[in-house]
Amino acid sequence: MLKTSLTAALLASALAIAAPAAAQPTGDSPQGTSLLGQPLITYANRNANVAPVETLARAARDAKAAFDAGMTADNATWYGRILFYQGYTKESLAVYDAALKRFPNSAKLLRHRAHRLFSLRQFDASIEAGLKADKLYQGQPLEREKPGPDYFKGDPDIVQFYLYYHLGQAYFAKRDYANAAKYFTKSGETSMFDRDLSNETASTYWRYLSLARGGNMIEAQKLIDGYDVRLFHLHPTGGSDVYFDAIQLFKGNRAANTFFSNTDSGRAFATADATAASTSYSLANYHLLMGNRDEAKQWLKRAMSVDAWSFFARIQAEADWVALFPGEKP
């Protein structure tokens with residue numbers, strides 16, 4: 001009897017680990033709630049400039065087929081990324097939860113899980129997953145993501161950059177500015193050797209805000225005084241960059257009254273909503289640092305008014321609103 005029960009238990013456990021992902025999501029999908037209690041919904045045919053909707057749909061079908069045929073840490077990572085590109089954050093998280101049952105010490109899977117949890121406003125759980133990945137990566141060389149299929153390879157991102165970057169975001173949302181600055185510093189360090197100026201710029205922006213919001217203005221000022229990247233170096237073919245522009249705002253090289261933009265850059269995740277949320281959030285921080293709370297309040301409202309709910313600026317604006325204006329509705 002005991003042997004039979006043990007066999008059944010082991011079989012159930014094996015099935016749980018090997019179980020394929022749920023059916024490929026389609027259409028509008030409720031994902032969770034914002035920090036202000038608003039529903040977070042991914043709408044059908046969402047496009048974040050990553051790839052054409054049809055290409056993403058094809059990539060999702062192919063990724064799911066590979067995942068279901070034989071789960072590996074790499075194909076689980078890719079499948080979860082594609083789902084996230086489509087806006088299916090909750091479903092992406094489920095893929096990583098399933099994969100981590102089989103590969104519990106995969107730092108790469110944990111890094112992606114931490115990001116999805118952050119997007120769903122689960123900051124403590126995001127930090128827990130991120131710190132576990134950080135520990136696993138200690139003493140290890142940098143790792144790049146595996147490419148996708150030839151028709152949509154994706155970016156060969158450095159995994160540790162985004163691990164530290166998202167840890168910084170989660171700590172920032174919890175107003176733990178010292179730890180936020182620590183991890184934005186680490187994310188910037190991963191970009192130093194290959195001179196990834198976009199990652200360096202993003203890390204500098206958030207590290208500056210972490211230092212400044214944490215009351216360490218001397219170090220914050222030193223940081224942006226030493227930022228000497230030119231826009232041409234970031235985008236040689238032209239275009240703007242919300243983090244570069246914001247650093248210029250904080251340095252006094254841009255006027256606040258002409259800073260807001262809602263222009264779609266055409267680049268991945270730099271849609272009109274993303275630009276509006278980011279420039280609004282930068283203006284909110286500018287006014288907070290100037291002591292203009294009423295002006296900051298209006299720009300926090302604007303940053304939260306975009307439909308795309310997974311952008312960092314909108315999430316951080318929600319966290320600031322709850323902390324600075326408790327009980328008030330935007």
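Counting only residues that are assigned to a loop (DSSP other than H, G, I, E, B) and at pLDDT 95 or above, how many does segment 314-327 have? Steps first, please.
Here is the first cut: in segment 314-327, the ones assigned to a loop (DSSP other than H, G, I, E, B) are 325-327.
Those still in the list that are at pLDDT 95 or above too: 325-326.
Residues in segment 314-327 being assigned to a loop (DSSP other than H, G, I, E, B) and at pLDDT 95 or above: 2 in total.
Please specify each residue of segment 248-271 satisfying the condition of being over 20 Å from the mean Cα position of the chain (by Cα), among the aliphatic types (A, V, I, L, M) and surrounded by 13 or more Cβ atoms within 10 Å (Cβ to Cβ).
Within segment 248-271, LEU249, ALA256 meet the criteria.
Return yes when THR42 is at pLDDT 85 or above and farther than 29 Å from ALA173 by Cβ and no when it is not. Show your work before the answer.
Details: at pLDDT 85 or above: yes; farther than 29 Å from ALA173 by Cβ: no.
Spelling it out, it is not the case that THR42 is at pLDDT 85 or above and farther than 29 Å from ALA173 by Cβ.
Of everything in segment 79-138, what is over 16 Å from the mean Cα position of the chain (by Cα), surrounded by 21 or more Cβ atoms within 10 Å (Cβ to Cβ) and part of a loop (DSSP other than H, G, I, E, B)? Give them in sequence order.
SER106
Any residue that is of a type outside the set (Gly, Ala, Ser), at pLDDT 95 or above and either on the phi < 0 side of the Ramachandran plot or outside any helix (DSSP H, G or I) (or both) - is there at least one of those in segment 264-282?
Kept after step one, since they are of a type outside the set (Gly, Ala, Ser), are these residues of segment 264-282: 264, 267, 269, 271, 273, 275, 279, 281.
Subset that is at pLDDT 95 or above: 279, 281.
Right, trim to either on the phi < 0 side of the Ramachandran plot or outside any helix (DSSP H, G or I) (or both) and you get 279, 281.
Yes, some residue in segment 264-282 is of a type outside the set (Gly, Ala, Ser), at pLDDT 95 or above and either on the phi < 0 side of the Ramachandran plot or outside any helix (DSSP H, G or I) (or both).
Residues in segment 190-233 that are under 25 Å from the mean Cα position of the chain (by Cα), under 28 Å from PRO141 (Cα atoms) and outside any helix (DSSP H, G or I): how many?
Total satisfying the criteria: 8.
Residues in segment 272-291: is at least one polar (S, T, N, Q), over 25 Å from SER198 (Cβ atoms) and either loosely packed, with under 15 Cβ neighbours inside 10 Å or out of contact with any Leu (no Cβ under 6 Å at 6 or more places or on another chain) (or both)? Quick ask: steps written out before the conclusion?
Restricting attention to segment 272-291, the residues satisfying the condition of being polar (S, T, N, Q) are 275, 278-280, 282, 285.
Now narrow it down to the ones that are over 25 Å from SER198 (Cβ atoms): none.
No, the conditions are met nowhere in segment 272-291.
If ALA66 satisfies every condition in (1) in a loop (DSSP other than H, G, I, E, B); (2) modelled with pLDDT of 95 or more; (3) within 20 Å of ARG113 (Cβ to Cβ) but one, which is the exception?
Every listed condition holds for ALA66 apart from (1).
Quick one: how many residues across segment 139-157 are surrounded by 11 or more Cβ atoms within 10 Å (Cβ to Cβ) and either of a type in the set (Asp, Glu) or over 18 Å from ALA76 (Cα atoms) (or both)?
Here the count works out to 5.
Among ASP245, ASP320, which is the only one that is acidic (Asp, Glu), surrounded by 22 or more Cβ atoms within 10 Å (Cβ to Cβ) and under 23 Å from the mean Cα position of the chain (by Cα)?
Numbers: ASP245 fails: surrounded by 22 or more Cβ atoms within 10 Å (Cβ to Cβ).
Residue meeting the stated conditions: ASP320.
Based on this model, can you work out whether GLN169 counts as in contact (Cβ under 8 Å) with a residue 24 or more places away in the chain, under 18 Å from the mean Cα position of the chain (by Cα) and under 25 Å from GLU318 (Cα atoms)?
Numbers: in contact (Cβ under 8 Å) with a residue 24 or more places away in the chain: yes; under 18 Å from the mean Cα position of the chain (by Cα): yes; under 25 Å from GLU318 (Cα atoms): yes.
So GLN169 passes the test.
With the condition kept exactly as written, say whether any residue in segment 174-187 is farther than 20 Å from ALA313 by Cβ and among the small types (Gly, Ala, Ser).
Yes: segment 174-187 contains one or more residues that are farther than 20 Å from ALA313 by Cβ and among the small types (Gly, Ala, Ser).
Could we say that ASN47 is at pLDDT 95 or above, polar (S, T, N, Q), surrounded by fewer than 18 Cβ atoms within 10 Å (Cβ to Cβ) and not in a helix (DSSP H, G or I) here? Quick ask: steps written out before the conclusion?
Values: at pLDDT 95 or above: no; polar (S, T, N, Q): yes; surrounded by fewer than 18 Cβ atoms within 10 Å (Cβ to Cβ): yes; not in a helix (DSSP H, G or I): yes.
Answer is no for this residue.
The values are calculated or read from the model by the stated rules, or taken from the named source; none is laboratory data. Fair warning: this is a prediction, and the values are worked out from it, not measured in the lab. Counting neighbours? That spans all protein chains shown, and the Cβs are built from the backbone with ideal geometry, glycine included.
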